Each structure stands twice: as C-alpha cells, then as structure tokens.
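Here's the structure we're looking at; comments come further down.
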Amino acid sequence: MAKNFWDPSKGLYGLFNIWSFRKSGAILASGLGGGSLVYANVVIRKPEKWFFTNQPGGGSQPWPVTRADLDPHYDRVEKMMNAQFYPRGEAPFQDTPKMLAFQEAAAKLGQQWQPVNLAVSFRRKPVRDAPDAANPPLVAAPIEEEHSNIFAMSRSTCRLCGECDIGCNYGSKNTLDFTYLSEAKRLGAKISTLHEVRGFAPDAPNGYKVEYVVHDPELEPGKRDLPLRAVRCKRLVLAAGTLGSTFLLLKNRPHFPALSQELGKRYSTNGDMIAFLVRATQGTGARSRPRILAPAFGPSITGGVEFFNDRDTAFLVEEWGNPYLVSWFVEVSGILGYLRRLLFFAWLNLKYQLGFANDPNISSKLAAVIGDSIASSTSMPVIAMGLEVPAGIMSLNGRYLDIQWSEVPSKFHYDRLTDELKRVAEALGAKYAESPTIKWNFNQFFTAHPLGGCGMGLSKNSAVVDANGEVYHCRILT
Ligand SMILES: Cc1cc2nc3c(=O)[nH]c(=O)nc-3n(C[C@H](O)[C@H](O)[C@H](O)COP(=O)(O)OP(=O)(O)OC[C@H]3O[C@@H](n4cnc5c(N)ncnc54)[C@H](O)[C@@H]3O)c2cc1C
Ligand code: SF4
C-alpha cells in the first residue's frame, strides 16, 4: 500500500492521488480508468428535483440542463457499464449484514431504503431489461464478454470481498478500462498511460497543441526535468477531473484570454461526509448483544436513503463497506484493543521462553491473540452526500493548485446531516463517530466527489462551460 500513491516527483506511480488544501481535501485515483478504479460502483441518475445550484447569498439557480436532456445519456451509460441492482433477494446476497442493518435502520426512522444501480457484474452475461433465469447471479463465476477487454484478461463475477474502494482485483467492477476504454481501443484509439499533460494552446489555423511529459518509473527517480513532447489536434476534450481540468485551464489561461472570469469558482465538496457506526448492538438491557455488520462482506455499497425535506437540504446516505485491511486498522486503532493483543502476546512469548509452557501446538493461543475482532465486525462506515453551497474558489498559488473552501456557508446542511447520521447510529444501537479525517486532521473535510471550477451556465458571464460542457469561446470540451 505504501507504494500505491501517485506522485512521480517522489518516485510514486500508484493509484491513490490525495490532495490536501487548507480546509478541504480530495481523494482521487490516477490510472487507466481514473476514479472508476476506486469508486464504490454507484451509478445513479440525479433526481430531477435536485437540478439546481444553491447560491452563496441564499436562493438557488436552476441548471441549464434538464433531466429529460440527460436521460438518453444515462440510458447509454448504464447499458455500457452493465449497471444493475445488487441481487438482494437471492442467496447468498440476501444475507449481507450491513445491507440488512441499514434497511432496518431506515424502517425505524420511517424512511424508504432504496437499492442503487451498481456497475458490477453479478451475472456471467450483461443484464438486459428483463430478469433472465438463464443468467442468474453467481459468486466468482467467469464473465462472458462480447469482445475481449483491453488487457485480454479473464474476469469473474463479484466475490463480495468488499475491496471495491481499493480497486477490484477480479475484474468484477465494470470500470472504465473494461468498458469505454476497451471499446475505444477496439475501435482503433491509441491509449497511452503515464503521459501527463503540462500545457495546451491554440494552434493556428484551427486546432490545439498539447504539451506533455512521459513518466518512466524505471528511469525517472532523481531526474527532475522530463523532456516536453507535443501533439497537435483538431478537437480538445479535457477530462482530467474537477481538480485536474480546472488546474490545467488556470495554468494555461494566458493562452485563452476569452476564458470566463468564473473559472475556478463554485467549488464544492459535494456535501460529503463520512461517519462511523461503532459497536452496533441489538436487543435492550440484559438482552443486548453485538450486532454483526460485517463491513467487509459485499460490495462497498448496496443502497441508501434519500433525505429531501425542502429545497435547501437534500442528501443521500448510503451504508458503506470496507476491505479487511481497514478492519484491522479498526481493531488496532483503539488503544485498548492494541494493548490487549500486545500484552497477551508478550505474556505468551515469555511463558514459552522461560519454559513454563510445554504444549507445542500454539494455534489456539495465537487465535486468542487475534481475538474475536468484535470491534471491527460490529462497526461500519456510512457515507452521505448532498446539496451544499458551492462557494469554494480554486486558484493558482505559484505553480500549485489552491482551494479556498469552508463548511460555514453550508452549515445548515452539515448540521442536519450530522443529526440524521446520529439517528441512524441510534437505530442500530451503535455509537456515532465523526470521520477521523474531520476530527483529527486539522478539521479538514475530505471529499471523494470534488465538483466545480468549470461551472455550467447560460453565458460566459455566469459560467465557464455551456450546457454541452464546451468552454465558452475556446471550443474545448470538458
Ligand atoms: C473512494 C471513492 C468512491 C467513490 N464512489 C463513487 C460512486 O460510488 N459513485 C459515483 O458516481 N462516484 C463515486 N466516486 C467519485 C467518482 O470516482 C468521480 O466523480 C469520477 O471518477 C470523476 O470522473 P472524471 O472523469 O471527472 O475524473 P477522474 O475519474 O478523476 O479522471 C481524471 C483522469 O485524468 C487524469 N489526469 C489528471 N490530470 C492529468 C494531466 N495533467 N495529464 C494527464 N492525465 C491527467 C487522472 O489521473 C485521472 O485518471 C468515488 C470516488 C472515490 C475516491
Ligand atoms: S466486492 Fe470485491 S469482487 Fe465485488 S466488485 Fe467489489 S472488489 Fe470486486
């Protein structure tokens, strides 16, 4: 894991690209497939009633696109990503403890739990419109692909291992490398990894020159200045994510004097909040006993609850899972759990060293050192996201990206969200713990969904891009 971060200047070429600013941070992925490699597979259509932007001074603005405009695109994307519901009515999927617990919590709160579309293969063949008895959900079965994928790799259906957010090693997630990029390659596109764009400018008569460097993990460490290379193109599509695309446009602004003054504005952390439900229980009083949530069983997310009371607060709360790696962090992060294991192991070791124990089979003793792991199996993360006021501003600080963002304009959102998350914890007899990133990391709000910087709108005076995502007066698509 220590090598699994992206910072070529430090010799790191891995997946996770973590950004940290004064009050906010963002978790991104860099690799062939971008964020889809580590995302939680949820592919949902934004409800029409959420098609507006909260304004910093109060009030809201409708979006320049409607749900009806987007629906045909949603249709195509869902088909391409083979999006489907978790097969929650069938064995063994129906016995997913975190999903059942979240459903129960929703019912106790009088809310409606809804399954969410997941870009994960639970069946050997793509899901078509109607249920197909000849294509049942299966665990770890070989996937039948219409065309071979970009890696010519065999893939298997979901194993319910909970590792979606650190990258699926079984090809069960229908990530962009297995879908759009495989298809692009099949249709003749040239795809290059480790190529980092540094700049671009108009190139007369009617195209662009894009400058980039090529990272080489074998040669690069210690080498500071990589040679700049260039490619020319008629059309430029900028798809480096919220931070990457805005950063590139800010850096290259001198070449595009007609760029909107709105560039960098309307940054939002998407109202994201991660919290932990700790040591869930069931039953009351003397009958109270641990409630197993098994956060490492199942895909990261199976469904959620939408809270929408008025136009100012709207959010979606989803149960979240975690890989076993995180369960072990949970087990040893509590000082008591760590000390208990350490002392027990030291005592065991001493007994054997001093010859006070003679049973050579120490299996049961080592099992006792590891313990029942009740803390991690009765705890789980939850993630919420919703409408905040997009009042953050992205700018350049020398050669670096800077973001000024604060939770204060969206205090109403975070307060209400915290209240609801506490109620979810209470419904499961669990303690509520705020995200450690907020609590311990200098009060920083981390997001998995950074948004904004290249806002959409009806004119250059109010936005950077039009309703098609094309940069006003620059003919660049974002
Ligand atoms: C843990 C986690 C869970 C998530 N779960 C979900 C979910 O369930 N559902 C959901 O809808 N969203 C989820 N998201 C968010 C989702 O991953 C992102 O919204 C999405 O990936 C953004 O897509 P994008 O194409 O805009 O940018 P990205 O996916 O970030 O792609 C941008 C690509 O451009 C590359 N790039 C950047 N700068 C340059 C440069 N200068 N030169 C060359 N390449 C460059 C990056 O390395 C990256 O590969 C999650 C994110 C995380 C981190
Ligand atoms: S649960 Fe495991 S196998 Fe299934 S999609 Fe997630 S990482 Fe892949």
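The values are calculated or read from the model by the stated rules, or taken from the named source; none is laboratory data. Please read these numbers as outputs of a predicted model, since none were measured by experiment. All Cβ positions, even for glycine, are placed from backbone atoms using ideal geometry, and neighbour counts span all protein chains on display. Keep in mind that these areas ignore ligands, DNA and RNA; they rest on the heavy atoms of the full protein, side chains included. Shrake-Rupley method; radii C 1.70, N 1.55, O 1.52, S 1.80 Å.
A few notes on this one:
- When residues of region 203-222 are limited to those that are in a loop (DSSP other than H, G, I, E, B) and in contact with a strand residue (DSSP E or B) (Cβ under 7 Å, 6 or more places away or on another chain), the one most open to solvent (accessible area, probe 1.4 Å): Pro217
- Total residues in region 113-142, condition touching a residue at least 24 places away in the same chain (Cβ under 8 Å), part of a loop (DSSP other than H, G, I, E, B) and surrounded by fewer than 16 Cβ atoms within 10 Å (Cβ to Cβ): 3
- Matching residues, region 1-26, being touching a Ser or Thr at 6+ places or on another chain (Cβ under 8 Å) and over 26 Å from Leu226 (Cα atoms): Lys23, Ser24, Gly25, Ala26
- Lone unmet requirement of (1) open to solvent by less than 30 Å² (accessible area, probe 1.4 Å); (2) at pLDDT 95 or above; (3) more than 16 Å from ligand 1 (Cβ to nearest atom) for Phe200: (3)
- For beta carbons closer than 7 Å, sequence separation of 6+ or different chains, a first residue in region 159-179 that is polar (S, T, N, Q) and a second that is within 10 Å of ligand 1 (Cβ to nearest atom) and part of a loop (DSSP other than H, G, I, E, B), the qualifying pairs are Asn174/Ala119; Thr175/Gly33.
- Residue within region 126-146 that is under 21 Å from Ala29 (Cα atoms) and out of contact with any strand residue (DSSP E or B) (no Cβ under 7 Å at 6 or more places or on another chain) present: no
- Residue in region 29-48 that is within 16 Å of ligand 2 (Cβ to nearest atom) and part of a strand (DSSP E or B) present: yes
- Considering region 340-426, there are no qualifying strands (runs of 3 or more DSSP E) wholly inside with 2 or more residues that are of a type in the set (Lys, Arg) and at negative phi.
- Count of region 146-186 residues, restricted to those that are more than 16 Å from ligand 2 (Cβ to nearest atom) and part of a loop (DSSP other than H, G, I, E, B), is 5.
- Scan of region 133-171 for residues that are among the aliphatic types (A, V, I, L, M) and either modelled with pLDDT of 95 or more or away from ligand 1 (no atom under 16 Å from the Cβ) (or both), ordered by number: Ala133, Ala134, Leu138, Val139, Ala140, Ala141, Ile143, Ile150, Ala152, Met153, Leu160
- Considering only residues in region 271-291 that are at pLDDT below 95 and assigned to a loop (DSSP other than H, G, I, E, B), the one that is surrounded by the fewest Cβ atoms within 10 Å (Cβ to Cβ) turns out to be Thr284.
- Qualifying residue in region 312-329 (condition: hydroxyl-bearing (Ser, Thr, Tyr), modelled with pLDDT under 85, in the same structural domain as Leu293 (by TED's automatic domain parsing) and more than 24 Å from the chain's Cα centre (by Cα)): no
- Qualifying positions in region 160-190 - open to solvent by less than 40 Å² (accessible area, probe 1.4 Å), among the charged types (D, E, K, R) and under 24 Å from Gln94 (Cα atoms): Asp165, Lys173
- Any chance Ser288 is in contact (Cβ under 8 Å) with a residue 24 or more places away in the chain and in the same structural domain as Pro409 (by TED's automatic domain parsing): yes
- Boolean, Thr193 is among the polar types (S, T, N, Q) and surrounded by 15 or more Cβ atoms within 10 Å (Cβ to Cβ): no
- For Ala204, the stated conditions do not hold, so it cannot be described as away from ligand 2 (no atom under 16 Å from the Cβ) and at positive phi.
- Here region 428-478 is the region considered, the condition is being among the hydroxyl-bearing types (Ser, Thr, Tyr) and either touching a Ser or Thr at 6+ places or on another chain (Cβ under 6 Å) or part of a helix (DSSP H, G or I) (or both), and the residue that is modelled with the lowest pLDDT is Thr437.
- Taking the criterion of being part of a strand (DSSP E or B), touching a residue at least 24 places away in the same chain (Cβ under 8 Å) and open to solvent by 60 Å² or more (accessible area, probe 1.4 Å), the residues of region 223-241 that qualify are Arg232, Val237.
- Test: residue in region 275-284 that is touching a helix residue (DSSP H, G or I) at 6+ places or on another chain (Cβ under 7 Å), within 14 Å of ligand 1 (Cβ to nearest atom) and under 29 Å from Leu451 (Cβ atoms): no
- None of Pro64, Pro56, Pro47, Pro72 is of a type outside the set (A, V, I, L, M, F, W, C) and crowded, with 16+ Cβ neighbours inside 10 Å except Pro64.
- Ala141 being out of contact with any helix residue (DSSP H, G or I) (no Cβ under 8 Å at 6 or more places or on another chain) and among the hydrophobic types (A, V, I, L, M, F, W, C): yes
- Each residue in region 175-197 was checked for being of a type in the set (S, T, N, Q), out of contact with any Leu (no Cβ under 7 Å at 6 or more places or on another chain) and within 12 Å of ligand 1 (Cβ to nearest atom), and 1 of them qualify.
- Here Phe315, Phe329, Phe247, Phe297 are screened, and the one residue that is open to solvent by 10 Å² or more (accessible area, probe 1.4 Å) and not in a helix (DSSP H, G or I) is Phe297.
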